[in-house]
Amino acid sequence: MIKWLDCRLGRLLAVLVTAGVLLSLSGCDSAVPRASTAAQNVSVLPYPFLIPGLERERTVRLYLPPNYATETRSYPVIYMHDGQNLFDNASAFADEWRVDESLNALAKTSGREFIVVGIDNGGDFRMNELSPWPNKRFGEAQGKAYMELIVEVVKPYIDTNYRTLSDANNTAIMGSSMGGLISHYAVHNYPDVFGKAGIFSPSYWYSQDVFSDTKLHRSKDAARLYVLYGSEEGDGMISDADKMQRLIKQQGHPRVNMEFITVPGGQHNEKLWGQSFTDAVKWLFEIH
């Protein structure tokens, strides 16, 4: 009972209020295991992947289109962070995004299907691994090593073993909070790999270097940038997002390829991100 209380208190206290509310995932086990809600077309790859230079392993979760086994075509791929929270309530820190249910429904209504690759976060290492820039409170930056994991290890594996459309125009990266920050970095610093980015509630507050880096590494005009946050995430979130929007506009990025959305009443949580996921995918991949 004491261990359970400590875990629950740890989760409640692991909240940093800066730009709004940032949840720090603790990795504590729940006292009562939750039932799995993952769809049948979601799996966990059979072995973890090693992050180059960090000697840490990461579990990777895979969503395949409903008709993948009966078709021969290839599919666009969406790379996402915090894989524990995407598909399954049993592994989610708080709530899940319901990515699998959302894409299964989209396949029925539009005929458009996708592969999703979810990379689990590293718990205590999450803040470091999801930022390319250091932070006085959280320490060294390990985001470049994390991106090497995706670009040099995971993506080649996925492209080799599954039927993918591997070009940048068919490859997106998406995430929320710190995952939004690293997704912003990815589309600007790996323009030949990622042509689309879903940037949800980005933690621009973590380092002002994100603004100088964006100036130095302008994204390609063809890149589609979808930035979303809630009106209840705090003044810092709103002001930083406005600052980034002005910067990207000043760079001359085509208006048709950028979208900044404020969700009225939206808070910094999986409810906001999950409910916005389908709309983001439809905009990024121009599904009408």
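Numbers for the structure displayed
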quantity	calculated
Shape category assigned to segment 129-288 from the gyration tensor of Cα positions, a/c cut at 1.5	rounded
Per residue accessible area of the chain, 1.4 Å probe, in Å²	44 Å²
Relative contact order (%) - the chain, alpha-carbon pairs under 8 angstrom, separation at least six	17 percent
Gain on full stretching of the segment that runs from Q208 to T70 - 0.36 nm per residue minus C-alpha separation	44.9 nm
Approximate shape of segment 193-281 as ellipsoid semi-axes (Cα gyration tensor, √5λ), whole Å, largest first	21, 16, 11
Relative contact order for segment 187-238, counting Cα pairs under 8 Å that sit 6 or more residues apart, in percent	49 percent
Spatially proximal aspartates and glutamates relative to K136 (Cα-Cα < 14 Å; intrachain offsets below 8 disregarded)	D209
Global geometry of segment 69-109, whether rounded, prolate or oblate, following the gyration tensor of its Cα atoms and the 1.5 cut on a/c	prolate
Beta bridges per DSSP with both ends in segment 114-265, % antiparallel, nearest 5	5 percent
Per-residue HN-Hα couplings for segment 134-146 [Karplus 6.51, -1.76, 1.60; θ = phi - 60°; Hz; x = Gly/Pro]	x, 9, 4, 7, 9, x, 5, 8, 10, x, 5, 5, 5
Sequence-distant residues sharing a close amide H with Y75 (under 5 Å, placed H)	T164, L165
Dipole axis of the chain (+1 Lys, Arg; -1 Asp, Glu on Cβ), positive-most option in Y79, M244, I158	M244
Zero-based 5 Å bins, Cα pair distances in the chain, whole percents	1, 5, 13, 17, 20, 19, 13, 8, 3, 1, 0, 0
Calculated from backbone phi, Karplus (6.51, -1.76, 1.60) coupling profile of segment 46-53 in Hz, x at Gly/Pro	x, 9, x, 10, 8, 6, x, x
³J(HN,Hα) computed for each position of segment 153-170 - Karplus, 6.51 cos²θ - 1.76 cosθ + 1.60, integer Hz, glycine/proline x	10, 5, 4, x, 5, 5, 5, 7, 9, 9, 7, 10, 9, 8, 6, 4, 5, 10
Two-site label geometry, Y162 and K108: point separation in nm, points 7 Å out along Cα→Cβ	2.2 nm
Descending semi-axes in Å of segment 26-153, equivalent ellipsoid built from Cα gyration tensor	28, 19, 12
In Å², nearest 10: area of R218 left accessible to a 1.4 Å probe	90 Å²
Beta bridge orientation in segment 43-191: antiparallel %, DSSP, nearest 5	55 percent
Contact order normalised by residue count of segment 124-243, Cα under 8 Å, 6+ apart, percent	20 percent
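The values are calculated or read from the model by the stated rules, or taken from the named source; none is laboratory data. Only a predicted model underlies this, so the values are computations on that prediction, with no experimental measurement involved. Cβ coordinates were reconstructed from backbone atoms using ideal geometry, including for glycine residues, and neighbour counts include every protein chain displayed. All accessible areas refer to the heavy atoms of the entire protein, side chains included, with ligands and DNA or RNA removed. Shrake-Rupley method; radii C 1.70, N 1.55, O 1.52, S 1.80 Å.
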